[in-house]
Amino acid sequence: MNGLVLPRRRFIVGGLCVLAQGALARAEVAPAGRSITFRNTHTGEELTAAYFSSDAYDPQALARIDHVLRDHRSGEIGHMDPPLFDYLHEVARRAGVEPRFEVISGFRSATSNELLRRSGGGGVAQKSLHLKGKAIDVRLLGVETARVRDLALQIGRGGVGYYPKSDFVHIDTGRVRSWSGK
């Protein structure tokens, strides 16, 4: 019987080590808490919110973010897709800066989207993911927009549109694709 005690202990200790290593690896990929800062370029509002902690999104923080990212033309508030914030957070992490974003466009109402389409500004899709809260047009403070585009493309989680003349990057949680606009 004593011959089984040592192998059993080794098995248990070895298993615990493997579990601990797995937990550490996951912690590096998905940090325990995530905060993000948005400054709406149209309203001037700025918000820093801890939108994710432990293993869940914070509904109150998400509601505050939804408010800041509302359609600035109509005031309509839409529900933004929380994985979009994770995508932005990862872009900032890879850039080596705090996740502080200037927002050109977050949620967009159907009326605003159609107005933009008809104004001929170009690049406004009829079924834009802005309508579903799955897209955002941003600048990352302290990082050139071309670099933001490159980092978002490397991550490969969704759509990436680059607008060099307007100096912003469109990032969405739709299918993986990329384009350039004005």
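Key figures
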read-out	value
ASP150 - accessible surface, heavy atoms, 1.4 Å probe, Å² rounded to 10	60 Å²
Set of aspartates and glutamates near LYS182 by C-alpha distance (under 19 Å), chain-local residues within fewer than 8 positions excluded	GLU102, GLU114, ASP137, GLU144, ASP150, ASP167, ASP172
Modelled FRET efficiency - R0 25 Å, ARG117 with HIS67, Cβ distances, 0.05 increments	0.50
Segment 143-182 - Rg and Dmax from Cα coordinates, angstrom	9.1, 25
Extended-chain gain in nm, criterion 0.36 nm per residue less alpha-carbon gap, GLN154 and HIS79	24.4 nm
Size descriptor, Kirkwood hydrodynamic radius, that averages inverse alpha-carbon separations across segment 86-182, Å	13.4 Å
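The values are calculated or read from the model by the stated rules, or taken from the named source; none is laboratory data. Treat the numbers as computed from the prediction; the structure is a model and nothing was measured. So basically every Cβ, Gly included, is an ideal-geometry build from the backbone, and we count neighbours across all protein chains shown. These area figures cover heavy atoms from the full protein model, side chains too; ligands, DNA and RNA do not enter into them. Shrake-Rupley method; radii C 1.70, N 1.55, O 1.52, S 1.80 Å.
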